[in-house]
Structure formats: C-alpha cells, structure tokens
Amino acid sequence: MSDPLDLLETADRRLARGVLAHDRRSLAKAITLLESTREDHRARAAALLAALLPRAGGAFRLGVSGSPGAGKSTFIETLGLYLLGLGHRVAVLAVDPTSAISGGSILGDKTRMERLSREGGAFIRPSPSGGLLGGVAHGTREAMLVCEAAGHDVVIVETVGVGQSETAVAGMTDCFALVALPNAGDDLQAIKRGIVELVDVVAVNKCDIDPAAARVAATQIENALAMLRPHEQGWVAPVVAVSALKPQGIDEFWRQCLRFRATLEASGALAAKRRRQALDWMAAIVDHELHARFHAHPAVKREMGALREKVAEGAMTPAAAAAALLAAASD
Ligand code: GDP
C-alpha cells in the first residue's frame, strides 16, 4: 500500500515528516495551516490531516474545565510537569468560547504555563480565534490529532466553565475533569447545572489554603455526584483534593484518570465512545456548514431584514417567515 504522505505536495510532505519526527516547529506550522480559513489552505490542510490521521489516536485525551480562577492553568502546568516526569509527552490545547466572540480570550494569554512551555516534551497551543469550519472547537479537535501524530501521548484540552465549550471538550476527550474550589457553593451550582453529566473526575484545588474546608467540599461534591445516575456504566466520579501550587494530590488525580480509562477500555466503552464522538463531530460540521451557507445565501440576506420585522410586528408567524427563508435558500 502506498504511503499517504506520498500524496502530499513536497512542502506539506516535509511538514508532515517534521510532525512525525516530533519537531515542535513543524507541529505548530501544521496546526496553523489547519486553522487557516483560506480556500487553498483548506484543501492542503485536509490532505495533511488525512495523511497524519493513521498516526493519530494514541493519546490519553483529557478534558479540564472549571470556573475562571479555579486554578486550571496552574493545575495543568503542574500535572503536565508531573506527566513529563513519568516519561510522557504532553500537549495542552484550549477551547475558549470568549476568543470566538470578542477576539480576546480568557485562556489564550501567552505567559501562562511558562515552566511547562520551556520543556522539550511539552507543546502548548492557545485557542484558535473564531471563523473556523465547525466553530472554535473544531480547530482544537484537529490540532489534537496532529499532536498525537507528533507523538504526544497525553493531550490535555482546557476550557472555561461557561457555555457549550464544555460539551464540545467532553465530546472530544476520553476523560473529562472538573477543577473545583473548596468554597463549594459555586461549584455545586455548576455541578447541578449539568456539567456533572459530563464529569468523570473532580479535583478540588487549593487544598493547601484550608485542608479541612477542602475535605468538607470534597465530601459534599462526592455526595452530590453519588446521587446522580452514572453516565458511564459502573463509574461514580471520584473527588480528589489537590493543590496545584504545592503540589499535592496530583498523582492521585492521575491515578483516578487512568483507572477511569482502564474501566472504559475493559468494557469496550472507550472504542465505542471514540466512534460516537467521531460521528457526532461529523454531524456538527454538517450542521455548522449548512447554517453558514444558509446565512450566506444572497436571497436569504436580501429577505431576512424584512421578514424579521414582520415577525417582530406580529404581521407574520415565525413559522411562515422561516418557511419563506428556507424556500429562498433552496433556490
Ligand atoms: P484559571 O483561571 O482557572 O486558569 O486559574 P489560574 O491557574 O490562573 O489560578 C488562579 C489563581 O489561583 C492564581 O493566582 C494561582 O496562583 C492560584 N492558585 C492556583 N492553584 C492554587 C493552589 O493549589 N493553591 C493556592 N493557594 N493557589 C492556587
């Protein structure tokens, strides 16, 4: 069988070989190409990704979420350094909904994780800004595959505890962790709000400040979790008290992540989960693209304003206006 790399143009073949040889600059350039919205870049990016895909899939994919200030980036840096110490190669990516909306970013700050970024075995990439096919999370998912092809066997995807980004990250990772704070009020709220349906492991961070409060918070969260129907069979999300700063409890956190993945692997649920994620992703890209094409259609653009006004004034039903727009889009 021919090597899929042979199908690439010379420059891109060199890029792909660089990625496979674990060259960080090639990895960064490959991800930049994947993030490009230029039409000619899109075709090259698709070919590059197709060539690298057979080499992807080998990582432990870990999602990390939590409110701003919970200590996510400190935690990921500490965890990353710990994992490098175990001989892993770690990539850190981000899905930041704020970067798509405002161009600014909660997560994208370049000075974050400075110690980790200096390590040869680590690769850190801030969140892509908006405009990508399939939304911001799409770029991150593709970047994850390229990081795997570049030999990173742990990929950590970070997101903030707002909006749909958590669902997106849970939908691209094997294990989804929440970084919570010992003043459990807010985090219990978050848990009730539905994150809990996604969460596989909880880290109660900053336990160095008040160890007793951290223990109380951990028990409260554990009790809240125990009352819920497990989303993965046979698994109740464990709660680990950690300090990202000291550090403490990082090894126990990682042990729980490994235990979770081993549980999924043993039942065949991990392979099923990844298959389901790939299919969901395909559907999400189609939805996103249809939406974009609809709004870009000249007839829709022409008629949208007047129809919106009619609906707002009560002169037309929303259903009739929607039908008119959909009919216009299919011309
Ligand atoms: P993020 O917004 O969730 O990424 O939070 P950061 O990692 O930026 O941390 C927010 C603040 O909490 C920073 O001042 C950190 O130094 C501090 N912090 C993070 N982890 C710990 C911890 O384990 N113990 C203590 N005492 N402070 C921490």
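The values are calculated or read from the model by the stated rules, or taken from the named source; none is laboratory data. As the structure is a prediction and not an experimental result, all values here were calculated from the model. Cβ sites come from the backbone with ideal geometry, for glycine too, and all protein chains shown count toward neighbours. For the accessible areas, the whole protein counts, side chains as well, though only heavy atoms, and no ligand, DNA or RNA atoms are used. Shrake-Rupley method; radii C 1.70, N 1.55, O 1.52, S 1.80 Å.
Relative to the Cα centre, what is the charge dipole magnitude of the range 279-330, using +1 at the beta carbon of each Lys and Arg, -1 at the beta carbon of each Asp and Glu, and rounding to the nearest 20 debye?
Computed about the Cα centre, the dipole is about 220 debye.
Highest first, please rank the peptides 89-96, 252-259, 304-311 by the mean number of other Cβ atoms sitting within 10 Å of their residues.
Details: 89-96: 26.2, 252-259: 18.0, 304-311: 14.1.
With the highest mean Cβ count within 10 Å placed first, the list reads 89-96, 252-259, 304-311.
Within the range 1-104, list the GluC sites (Glu not before Pro) lying in a DSSP loop whose Cβ has at most 14 other Cβ atoms in a 10 Å radius.
9
Among 94, 239, 123, whose Cα sits farthest toward the positive end of the charge dipole of the chain (+1 at Cβ of Lys/Arg, -1 at Cβ of Asp/Glu, about the Cα centre)?
Among 94, 239, 123, the one farthest towards the positive end of the dipole of the chain is 123.
What net charge is computed for the residues neighbouring residue 169, neighbours being all others with C-beta under 10 Å from the C-beta of residue 169, Lys and Arg scored +1, Asp and Glu -1?
So the surrounding residues net to 0.
Sort 206, 246, 72 from largest to smallest accessible area, using a 1.4 Å probe on the heavy atoms of the protein chains.
Reading off the accessible areas and sorting them downward yields 246, 206, 72.
If 112, 55 are ordered by their accessible area, calculated over protein heavy atoms with a 1.4 Å probe, which sequence runs from highest to lowest?
Numbers: 112 50, 55 95 Å².
My answer, sorted largest first, is 55, 112.
Count the DSSP beta bridges whose two residues both fall in the chain, then state the antiparallel fraction as a percent rounded to the nearest 5.
5 percent
Using a Förster radius of 35 Å, what is the FRET efficiency between residue 289 and residue 212 based on their Cβ-Cβ separation? Nearest 0.05, please.
Details: r = 52 Å, r/R0 = 1.50.
Result of the calculation: an efficiency of 0.10.
Please state the relative contact order of the range 1-55 as a whole percent: Cα pairs under 8 Å, 6+ residues apart?
38 percent
What aspartates and glutamates does residue 273 reach when the alpha-carbon gap must be under 14 Å and sequence neighbours fewer than 8 apart in one chain are set aside?
Reachable aspartates and glutamates: 174, 200, 232, 265.
Please report Rg over Rh for the chain, where both radii come from the alpha carbon positions and Rh follows the Kirkwood definition.
1.02
Please give the solvent-accessible surface of residue 297 in Å², to the nearest 10, using a probe radius of 1.4 Å with every protein chain present.
So the heavy atoms of residue 297 present about 40 Å² to solvent.
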